[in-house]
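What follows is a set of notes on a single structure, which appears directly below.
The values are calculated or read from the model by the stated rules, or taken from the named source; none is laboratory data. Treat the numbers as computed from the prediction; the structure is a model and nothing was measured. Methodologically, a virtual Cβ is constructed for each residue, glycine included, from the backbone with ideal geometry; neighbour enumeration extends over all protein chains shown. Heads up: the accessible areas ignore ligands, DNA and RNA and are worked out on the full protein's heavy atoms, side chains in. Shrake-Rupley method; radii C 1.70, N 1.55, O 1.52, S 1.80 Å.
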Amino acid sequence: QVQLVESGGGLVQPGGSLRLSCAASEFRFSMYAMAWYRQAPGKQREFVALITSGGISNYADSVKGRFTISRDNAKNTVYLQMNSLKPVDTAVYYCNTVIFGSTYWGQGTQVTVSS
């Protein structure tokens, strides 16, 4: 059973930073792309960032230059470093992967950007 467990969310002031982690298990982590999505209250879930098995990354325009996705295959973990946070970044952040056509999600971690 694929498991994705996010951590690292919290309350941060505008301009601050957070690093989210997603610990993966029960699949060959190094072989699959991993992604982060987010869902703000009353809005649809949206793509944030993706990193391929080869380490190539892609970002939503709204976070380019502020967020960095990375992975540590030895630890089966994907990270999202978030800098220069804005109130509009407030959302539940979800880890995601697709394996043989099946989509898997973590439980999410809340990020709140507020003064």
Spacing of the two label points (7 Å from each Cα toward its C-beta) at T112 and Q39, in nm: 1.9
Radius, Kirkwood style, for region 1-114 when every pair of distinct Cα atoms is counted (Å): 14.0
Exposure rank, largest accessible area first [L20, L11; 1.4 Å]: L11, L20
Surface share of carbon and sulfur [accessible, 1.4 angstrom probe, percent] for region 5-66: 49
Percent RCO, i.e. relative contact order, over region 46-115, from Cα pairs under 8 Å lying at least 6 residues apart: 21
Extension gain, N73 back to S102 (0.36 nm per residue minus Cα-Cα distance, nm): 8.3 nm
Full-extension gain in nm, R66 to N83, via 0.36 nm per residue minus C-alpha separation: 5.6 nm
